[in-house]
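Visitor: Pasting a structure below so you can have a look.
All of the numbers you see were taken from the coordinates with simple rules; none came from a lab. Quantities reported herein were computed from a predicted structural model and do not represent experimental measurements. Every residue, glycine as well, gets a Cβ built from its backbone with ideal geometry; the counts of neighbours run over all protein chains shown.
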Amino acid sequence: MHFVVDDHPGLRPPGFKHSLYACLVTPRPIGWMTTVSAAGVLNLAPFSFFNLIASDPLCCMYCVNGAHASGGPKDSLANVREVGEFVFNLCTAELGPQMNLTAANSPRDIDEMAAAGLEAAASIAVRPPRVKASPIALECKVFDIVDLPSSERTRNAMVMGRVEVVHIADEVVVDGMIDFERIRPLGRMGYNDYAVADELFTMVRPD
Ligand SMILES: Cc1cc2nc3c(=O)[nH]c(=O)nc-3n(C[C@H](O)[C@H](O)[C@H](O)COP(=O)(O)O)c2cc1C
């Protein structure tokens, strides 16, 4: 089958029970982003519209879609507009339940890291702290925030940052390499489904 996107607002063509928006590119990495407001209120939230976008210098992005439940932009967008800094925390299978808690529509003055029972560790180059239990964290400074095509239903923006400091937990480094089987990164599938990347194989490039 195929369908023209504009004919099916909400990406739910006939025969499908739910919107397909999250099902078409999978698995997606989860950017578990820490930000702080100018007043210093900490926010932690997951974004699967996330990725690294350049390696030299190392840059990453996350996209904020829709609005905060109380109106206005989500905290993860409002905060970077105020402070211009964020931290990416890698989400592992073990941290999945806490990551899910931080997706709640919490009031703006709630520290979602503490509310999820997570400990913060101070960053070196930016104000937002990292999630101490996450094995990899990237401290980032925003270099651009771009408005994306938006609709009557949702407004979308992409936050792009340059990575200033990389944190790697000692226990996931084995023989000078990162051991993904120790990390067990979590990926977002469609619906409310997730995948754990713990079955690895190696393929050497032809040239
Ligand atoms: C796995 C997962 C991925 C998500 N990805 C996104 C995303 O890419 N963009 C987005 O706007 N919201 C996404 N959400 C929802 C946000 O995490 C949620 O709206 C959160 O409360 C952010 O709001 P805040 O910045 O106001 O805290 C995702 C939720 C989950 C559980």
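Visitor: Computed over the Cα atoms of the range 25-193, what is the ratio Rg over Rh, Rh following Kirkwood?
Guide: Details: Rg = 15.2 Å, Rh = 16.2 Å.
Reported Rg/Rh, Kirkwood definition of Rh: 0.94.
Visitor: Give me the distance in nm between label points sitting 7 Å out from Cα along the Cα-to-Cβ direction at Glu82 and Ala69, one decimal.
Guide: In this crude spin-label approximation the distance works out to 1.9 nm.
Visitor: When only C-alpha pairs under 8 Å and at least 6 residues apart count, what is the relative contact order of the chain, in percent?
Guide: 23 percent
Visitor: For Thr154, Thr26, Thr34, Thr102, which order do you get if you count the other beta carbons within 10 Å of each Cβ and list the fewest first?
Guide: Thr154, Thr26, Thr102, Thr34
Visitor: Here is a further query. Each label point is 7 Å from the Cα along the Cα-to-Cβ direction; what then is the distance between the points at Glu94 and Asp207, in nm?
Guide: So the label points at Glu94 and Asp207 sit 4.1 nm apart.
Visitor: Does anything in the range 20-36 have its amide N under 16 Å from the 7 Å Cα→Cβ label point of Ala169, and if so which residues?
Guide: Label zone hits: 32.
Visitor: Within the range 178-207, report the chymotrypsin sites (Phe, Trp or Tyr not before Pro) that DSSP leaves as loop and that have at most 12 other Cβ atoms within 10 Å.
Guide: The qualifying sites are Tyr191, Phe201.
Visitor: Related question: For each of Ile30, Ile110, count neighbouring Cβ atoms within 10 Å of the residue's Cβ, then give the residues from fewest to most. Mind dumping the intermediate values first?
Guide: Working: Ile30 25, Ile110 14.
Least crowded to most crowded, the residues run Ile110, Ile30.
Visitor: Another question, if that's okay. Once you have the Cα-Cα distance between Thr26 and Asn51, take 0.36 nm times their residue separation minus that, and quote the gain in nm to one decimal.
Guide: 7.7 nm is the gain from fully extending Thr26 to Asn51.
Visitor: Here's another thing I want to ask about it. Which whole-number percent gives the relative contact order of the range 91-207, counting Cα pairs below 8 Å spaced six or more residues apart?
Guide: Here the relative contact order equals 20 percent.
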